[in-house]
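Please read the structure below before turning to the comments.
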Amino acid sequence: MQTIFWFFGSLVLVFLTLNTIHYFFYALLGRLGRADDVTPTTTAGLVRKIAVLVPAYKEDTVILDSVRANLRQDYPKDHFDIIVIADQFQPHTLAALAQLPVQVLPVSFAVSTVTKALCAALDSLPDNAYDVVIVADADNHLAPDFLSRVNAAFAGGWRAIQGHRVAKNLDTRVALLDAISEEINNHITRKGYRAAGLSATIIGSGMAVDLGLMKGAMSGLTTIGGFDKELAMKLAIGGHKIGYLEKAFVYDEKVAKRAVFEQQRTRWIAAQWQFVAAYFRPGMGQLLRGQWLSGLKLVQEMALPKVLLLGLLGLFFGISLLVGYAPLTLALGGLLALFIGSLLLAIPGYLWQKLSFRDLGVVFSLMFSFLKAALNMRRAFKSFMHTPHNA
């Protein structure tokens with residue numbers, strides 16, 4: 001029994017070590033590397049036709065404000081269209097949208113998902129109607145130069161990129177910590193990955209993909225949540241890297257309440273679990289055949305979520321102190337310090353200025369919310385768990 005205990009304990013320690021090294025390595029590369037931004041110019045060149053797809057489920061409170069903000073692009077007006085995929089909108093919202101220079105595609109599904117909404121919109125677009133598709137959440141405000149930066153990146157040869165999603169609101173401690181989590185991901189899994197020559201991760205909004213690639217990659221997707229993970233994997237299997245534009249900003253509403261945070265993370269954990277379960281065998285096969293782009297995508301998605309890793313390292317470190325086994329305490333203490341150092345490397349200066357010691361208490365409460373989300377993820381296997389937004 002003691003042998004079995006030490007065997008499984010060693011496996012857990014190795015797994016935690018690999019996760020910690022993963023985060024530290026890419027956090028360091030994120031400091032040393034650079035993103036894929038190309039400064040837009042006014043010189044003559046191809047101005048691509050862009051479709052901005054906005055899948056929106058019961059988003060009557062925010063959609064009008066977002067559409068008006070996103071119409072204020074410095075891009076030629078006749079070269080982009082905003083297409084709102086309106087799922088279960090109120091009649092007065094549809095009437096208000098009809099007064100704006102946007103296209104509205106009303107949809108209705110027995111079980112609503114972002115995947116279904118996007119596929120419905122993509123099916124409605126002729127192959128030669130647009131060059132690039134951008135996906136934006138209903139609450140997203142694209143910076144005025146976002147489309148220009150995307151066009152410049154595509155002129156440089158990119159066919160898929162992720163923009164820099166930042167917080168639109170920092171009005172509560174939960175929103176502030178959610179914004180910090182997003183920026184850590186931007187630094188590690190986008191800028192850090194790109195510094196290593198790998199694909200940046202995509203988030204599901206603020207991303208731009210060649211229309212033909214998007215149609216091909218989205219074809220056949222049936223996932224309830226986490227379509228972005230499958231989309232990224234299909235692009236990787238096709239040999240297409242995803243770039244990261246650090247200066248192409250997308251202003252995104254952060255969750256302001258712990259209950260909403262828990263619901264959102266339930267959906268995200270379920271999506272990660274489903275992705276790994278579905279792509280483990282093919283992903284490992286790709287890795288063994290030396291197809292690193294898609295194989296490493298699987299490895300990246302197997303990394304523990306940051307809050308969960310922090311909680312596990314802290315828990316096991318505390319247990320090791322009680323047990324009094326010095327080598328294990330030193331090992332876990334070193335991993336915990338290294339992981340915390342990775343997070344500190346990845347937090348941008350403008351968010352450091354807003355942090356206080358009182359926010360640490362919220363971190364612990366969010367750990368419990370994350371644990372509950374992990375235990376409740378089966379709910380997300382059956383229905384799409386919508387994150388509500390505020391006006």
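Read-outs throughout are calculated quantities, based only on the coordinates presented, and are distinct from any laboratory measurement. Note that the structure is predicted; figures quoted are calculated from it, not measured. Neighbour counts are summed over all protein chains in view; Cβ atoms, including those assigned to glycine, are modelled from backbone coordinates with ideal geometry.
What number, rounded to the nearest 500 deg cm²/dmol, is the helix-based mean residue ellipticity at 222 nm of the chain, given -39500 (n - 2.57) per DSSP H run of at least four residues and division by all its residues?
Helix contribution divided over all residues of the chain: -17000 deg cm²/dmol.
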Peptide ranges 204-211, 342-349 listed from the most packed, as the mean C-beta count within 10 angstrom indicates: 204-211, 342-349
Per residue of the stretch 341-356, what does 6.51 cos²θ - 1.76 cosθ + 1.60 with θ = phi - 60° give for ³J(HN,Hα)? Whole Hz please, x for Gly and Pro, Karplus curve as stated. x, 4, 5, 5, 4, 8, 7, x, x, 5, 8, 4, 5, 9, 7, 9
What longest region of the chain stays clear of trypsin sites (Lys or Arg not before Pro) that DSSP places outside H, G, I, E and B and that have at most 11 other Cβ atoms within 10 Å? 73-288
Normalised by the number of residues in the chain, what is the relative contact order in percent for Cα pairs under 8 Å and 6+ residues apart? 23 percent
Considering only Thr41, Thr189, Thr115, give the residue with the highest GNM mean-square fluctuation for the chain, with springs between Cα atoms whenever their separation is below 10 Å. Thr41
Tyr244 long-range amide H proximity, modeled H, under 5 Å: Asp36, Gln162
Helix 292-301: angle to the longest alpha-carbon principal axis of the chain, degrees 0 to 90, nearest 10? 70 degrees
Under 19 Å between alpha carbons, and skipping anything fewer than 8 positions from Lys254 in its own chain: which lysines qualify? Lys58, Lys168, Lys306, Lys354
How do His92, His79 line up, fewest other C-beta atoms within 10 Å first? His92, His79
For the stretch 50-254, what's the relative contact order in percent, using C-alpha pairs closer than 8 Å and at least 6 residues apart? 28 percent
